[in-house]
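*Asks:* Let me give you the structure first, and then I'll get to my questions.
The values are calculated or read from the model by the stated rules, or taken from the named source; none is laboratory data. Only a predicted model underlies this, so the values are computations on that prediction, with no experimental measurement involved. For neighbour counting, all protein chains shown are included, and Cβ atoms are generated from backbone atoms with ideal geometry for every residue, glycine included.
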Amino acid sequence: MFTPKYTITDQLLAHITHINTLVNNLNDRRFPKVVLVEFEKNAREVSTYASTSIEGNPLPLTEVKRVLKLKPANIRTSQLEVINYNQALETLHRLLESHQLELSLKLILDIHKQVTAGLLPLFESGKLRQKPVVVNNPRTGKVVYLPPNVEKVKDLTTDLIAYIKDKSHFVDPLILAGIFHKQMVIIHPFMDGNGRTTRLATKVLLTKMGLNTFNLFSFENYYNQIVTKYFQTVGEFGDYNEISASIDFTEWLEYFTGGLIDELLRVEKLLPIIGNTPDTRLEAYHLKLLAYIKKNGFITDRQYAGLTDRAKATRALDFQKLLDLGLIERKGKGRSTYYQ
C-alpha cells in the first residue's frame, strides 16, 4: 500500500491556513455571470498556455488565444497540444457542474486520451505505458531519472488512487492534491503527456478545496514562471527501484502550496472592484435573503416580506438583482412562484 513520507512543517501549515483564508474570501465575493464567463475563459487560456509551455510548447499566450478562438484548419502539433488541453479543461468543467467529477483510473485515462488525441498512436493514447521510459535533462540530454518498471505501473497508479480516496476524510485536500501530483510524476504512467495529464487530474482534487470560483484559477501559471524549479521539486533523480523508499514529499508540498497562494493572490488582484460596483454589491437584506435560501432550500415573496420591511415593488427588484447576478433562479408561476 502506498504510504508517502512527509512532515507537516510550520511553513506548510502556514501555507494551508493562508490558502483557506484566501479561498473563503473569494467565496464570499459575488460576481455577475457575464464577468465570471469572461474570467473563466481567461483562466482556461492561461492554464492551457502555461501547462503546454512547461512541456516545451513554443506558442506564446497571444498565439494560444488566437488558436483557441479561430481553430485553424491545418493544425500543427503545437496547436493541437493547445486545443486538446483546452478541450480537456472544458470537459472537466462540465463534469464538475454535473457532480460527476471523481478521481478514478478511468478519469485519468480519459484525460490522457483527450490530451494526446492525434499526438500519440491509438494504442498509447489513453493507455498506461507498456514500454520502459527514461527522463532526460532537457538541456543536457542526459538521463536523470529511471521510472518504475512497466509491470509496476498499473499497481502503483491504482494504489495512489486508493490512498487518495481512503485518506479523503482525514487528510487536508491540499496535501492530498500535492501528494497525488508528485507521485504521478514519479510513476510516469504514460509514454508521453504525463505532465499535462497530472496537472489536469490535480485540478480535480483541488476542487475539494471548496473554491467555488475554481474556474478563475490557473495554478499551472506558477510552475511556468520558473520551470526548472518546478521540475527539480516535483521530480526525482536516480533509479526508482533504488530511491522509492526514501522519497520525501515535504519540500514539494511546501512549494506546491506556495504556488497556490501565488495564484490565488493573482486572481484576487484581478478582481479588486468587481464585487463592489453598484450593480454587483449586495446589501444586508440581499444577504439575509440568500441565508434563508441556504437554510431552507427556497424562499417565497411572502417569506421574504417577513424578513424585511421593504415594499413589494422593492422586493421584486431585490429578487431581480439576484437573478441577474446568477445567484438564484425562479421556479413556478404566479402565486406559486418561489426562488432557489
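*Asks:* With the requirement that a residue be at pLDDT 80 or above and of a type in the set (Gly, Ala, Ser), what does the range 266-289 give you?
*Replies:* 284
*Asks:* If you don't mind, there's one more thing I want to ask. In this structure, does residue 112 turn out to be at pLDDT 95 or above, within 28 Å of residue 180 (Cα to Cα) and part of a helix (DSSP H, G or I)?
*Replies:* For residue 112, the condition - at pLDDT 95 or above, within 28 Å of residue 180 (Cα to Cα) and part of a helix (DSSP H, G or I) - is met.
*Asks:* Follow-up question, since we're still on this one. Kindly establish whether residue 128 is touching a residue at least 40 places away in the same chain (Cβ under 8 Å), touching a Pro at 6+ places or on another chain (Cβ under 6 Å) and of a type in the set (A, V, I, L, M).
*Replies:* So residue 128 passes the test.
*Asks:* Look at the range 134-147 and say how many of its residues are in contact with a Pro (Cβ under 9 Å, 6 or more places away or on another chain), surrounded by 13 or more Cβ atoms within 10 Å (Cβ to Cβ) and farther than 23 Å from residue 85 by Cα.
*Replies:* 2
*Asks:* What are the pairs with Cβ atoms under 8 angstrom where one residue, in the range 61-90, is at positive phi and the other, located anywhere, is at pLDDT 95 or above and hydrophobic (A, V, I, L, M, F, W, C)? Sequence gap at least six, or different chains.
*Replies:* Hits for this filter: 71/83.
*Asks:* Please verify whether the range 52-62 includes one or more residues that are surrounded by fewer than 17 Cβ atoms within 10 Å (Cβ to Cβ), among the aliphatic types (A, V, I, L, M) and over 26 Å from residue 194 (Cα atoms).
*Replies:* Looking through the range 52-62, none of the residues is surrounded by fewer than 17 Cβ atoms within 10 Å (Cβ to Cβ), among the aliphatic types (A, V, I, L, M) and over 26 Å from residue 194 (Cα atoms).
*Asks:* I would also like to ask the following. Is there a residue being assigned by TED's automatic domain parsing to the domain that holds residue 155 and buried (at least 22 other Cβ atoms within 10 Å of the Cβ) anywhere in the range 222-231?
*Replies:* Yes - at least one qualifying residue is present in the range 222-231.
*Asks:* If you go through the range 117-133 one residue at a time, how many are surrounded by 14 or more Cβ atoms within 10 Å (Cβ to Cβ) and closer than 20 Å to residue 150 by Cα?
*Replies:* Of the residues in the range 117-133, 8 are surrounded by 14 or more Cβ atoms within 10 Å (Cβ to Cβ) and closer than 20 Å to residue 150 by Cα.
*Asks:* Something else now. Output the residue which, of all residues in the range 121-159 that are touching a strand residue (DSSP E or B) at 6+ places or on another chain (Cβ under 8 Å) and of a type in the set (Val, Ile, Thr), is nearest to residue 54 (Cα to Cα).
*Replies:* In this case the residue turns out to be 135.
*Asks:* Now, a different point. Which members of the range 48-83 meet the condition of being of a type outside the set (A, V, I, L, M) and under 22 Å from residue 233 (Cβ atoms)?
*Replies:* Hits for the range 48-83 are 49, 51, 52, 53, 55, 56, 57.
*Asks:* Moving to a separate point now. Say we look at the range 100-115 and pick out the residues that are among the polar types (S, T, N, Q) and in contact with a helix residue (DSSP H, G or I) (Cβ under 7 Å, 6 or more places away or on another chain); which of these is nearest to residue 168 (Cα to Cα)?
*Replies:* The extreme case among them is 104.
*Asks:* Just the residues that are in a helix (DSSP H, G or I), more than 21 Å from residue 27 (Cα to Cα) and within 36 Å of the chain's Cα centre (by Cα), please, taken from the range 319-340.
*Replies:* Answer for the range 319-340, where residues must be in a helix (DSSP H, G or I), more than 21 Å from residue 27 (Cα to Cα) and within 36 Å of the chain's Cα centre (by Cα): just 320.
*Asks:* So, in the range 224-265, exactly how many residues are at pLDDT 90 or above and outside any helix (DSSP H, G or I)?
*Replies:* Adding up the residues that qualify gives 8.
*Asks:* Confirm whether residue 75 is in a loop (DSSP other than H, G, I, E, B), among the β-branched types (Val, Ile, Thr) and farther than 29 Å from residue 176 by Cβ.
*Replies:* It is true that residue 75 is in a loop (DSSP other than H, G, I, E, B), among the β-branched types (Val, Ile, Thr) and farther than 29 Å from residue 176 by Cβ.
*Asks:* Let me ask something else. Being among the small types (Gly, Ala, Ser) and surrounded by 15 or more Cβ atoms within 10 Å (Cβ to Cβ) is the filter here, so list the residues in the range 77-103 that pass it.
*Replies:* Those that are among the small types (Gly, Ala, Ser) and surrounded by 15 or more Cβ atoms within 10 Å (Cβ to Cβ): 78, 88.
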